[in-house]
Every structure is written in structure tokens, then in C-alpha cells.
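Written out below as C-alpha cells is the structure these notes cover.
The values are calculated or read from the model by the stated rules, or taken from the named source; none is laboratory data. All of these numbers come straight from a predicted model, not from anything done at the bench. Using ideal geometry, Cβ is built from the backbone for each residue, glycine included, and neighbour counts are taken over all protein chains shown. These area figures cover heavy atoms from the full protein model, side chains too; ligands, DNA and RNA do not enter into them. Shrake-Rupley method; radii C 1.70, N 1.55, O 1.52, S 1.80 Å.
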Amino acid sequence: MSRSRLRLGVLASGRGSNLQAILQACSTAKIHAGVEVVISDRAQSQALELARRNQIPAIHLDPKSYSSREDYDEAVVRLLHEHGADLIVLAGYMRLITSRLIAPYRNCIINIHPSLLPSFPGLHAHRQALEWGVRISGCTVHFVDETMDGGSIIIQAAVPVLEDDTEETLETRILEQEHRILPQAIQYLAEERLEVSGRRVKLKSPKPMSGAKVVSPLIEIGL
Ligand code: GRF
């Protein structure tokens, strides 16, 4: 990965608010990265629209045109290579990905998930959290491996679950934190400050943090 400016390939299926947060962080130089390409499995994804508005190549790759998930992922990898992406960000990408995509980008592919993993992996994380009655939930940025939402954790942010929360209100509270920690994780990668040792991810030379909400550079409490 380049120390100067990371070239991002973003995969997204939906509304694209995390992509928006990344673009904003890039444009204000909060992170030393640029989005080189946005790829979506859904033609209607607002993430594609957002990319086009920002003059970023926006590509819809239709899963129906491929005979297997492996073939599809190979096509994704070709596009990522063509655009010189060196960090892949799954920002609301709703497809299960295969080793064809994971292997060439080991430790260079990250995902944002709306729960404190390993709790509530998979779909409907907010609903799962409410149904369990947890008092604290949040979001996780992690490396992607072959397991579902199971790769090494980079950074987490916690939020309270309130008594009258609905899936929507909890989602809104968590999303606000996602928009902070996803760009933060990208910046740590751009600075080559993450040291991965098995499941454990360490931040090299952590800078002193200010603000009562920040417990450590890799844990944030959004109360
Ligand atoms: C986010 O909640 C993210 O954690 C999950 O999918 C959602 C995507 O939202 N993986 P958006 O498309 O970035 O607005």
C-alpha cells in the first residue's frame, strides 16, 4: 500500500452514506486517500449515483450475467486492478464474497458492520441487537476474511441502546458512528499504522487522544 495516498475501490449495494463519509473525508484531506472506482451489484444503488456526481467511475456489475459467485468476483477483481485500487472498502455491500476476491486483497479489504462484532453478524444487525435486549451496541470496521463478518477487528464505536429505540432510531445512532470510524480506519491504513497479528490489530505509535468519549484510538464511545 502506498504511504502517500491510498487508492480506494469501494463496493456498495445501497444508499451510500458511508461512501459519502469517505468522499467527504478525502475532499477535506482528513484522510490521505481517493476513491478510484465504485462498483455495485445493484443498478439502483445510490452509491453509483453519488460516484457519478463526483466524477468517479461508477460501475454496475450485474450478478445475473455471471454463472457463479466466483466468476462474478473475478470480474470485480479485474475492475479493481484496472483502476489501481490498493484498498477495497465494503461500504454496505450486500453480497457474500468469495476467496477469488479476498485472496488477492488479504488485509487490504475492510468492511463496516452495524454491531459490536462478534455479536450480531449477518443481516438485520439492529433488529438482532434489539431482540437480544443489549444495552450497548455500535459498529465495527474489520478486515474481511472468508468468514461472515468474522475478520480481525480494526476499530469499534459503541452507542447506547435506548428503551424506546426502534430499528430505525438505533440505525441512525449507529450510522453516525460508522461515518466517523470508517474514514478513521482508512486513514490508519493509509498511514500504515496497523499491525495485524492473527486476530489482534494494533495501532503503531498511537497519538495521545483528547475528548472524554475516546477511550483509546481504536475504541470510541458515542454516548
Ligand atoms: C451500513 O449500516 C453498514 O454498516 C452496513 O450496511 C449499511 C450501509 O449503509 N454494512 P450505506 O449504504 O453506507 O448508507
Hits in the range 16-50 - residues which are more than 12 Å from the ligand (Cβ to nearest atom), open to solvent by less than 10 Å² (accessible area, probe 1.4 Å) and without any contact (Cβ under 8 Å) to a residue 40 or more places away in the chain: GLY34
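Conditions tested, residue by residue: (1) within 22 Å of ALA21 (Cβ to Cβ); (2) in contact with a strand residue (DSSP E or B) (Cβ under 7 Å, 6 or more places away or on another chain).
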{"site": "GLN128", "(1), (2)": "no, no"}
{"site": "TRP132", "(1), (2)": "no, no"}
{"site": "ILE154", "(1), (2)": "yes, yes"}
{"site": "GLU171", "(1), (2)": "yes, no"}
{"site": "ILE181", "(1), (2)": "yes, yes"}
{"site": "ILE186", "(1), (2)": "yes, yes"}
{"site": "LEU189", "(1), (2)": "yes, yes"}
Against the condition within 16 Å of the ligand (Cβ to nearest atom), polar (S, T, N, Q), over 24 Å from LEU218 (Cα atoms) and open to solvent by 30 Å² or more (accessible area, probe 1.4 Å), how does GLN55 come out, does it pass? no
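Give me the strands (runs of 3 or more DSSP E) completely within the range 101-199, filtered to those with at least 3 residues that are within 12 Å of the ligand (Cβ to nearest atom), buried (at least 16 other Cβ atoms within 10 Å of the Cβ) and of a type outside the set (A, V, I, L, M, F, W, C), ordered by residue number. Full working, then the answer.
Details: elements: 109-113, 136-143, 153-160, 194-197.
By residue number, 136-143.
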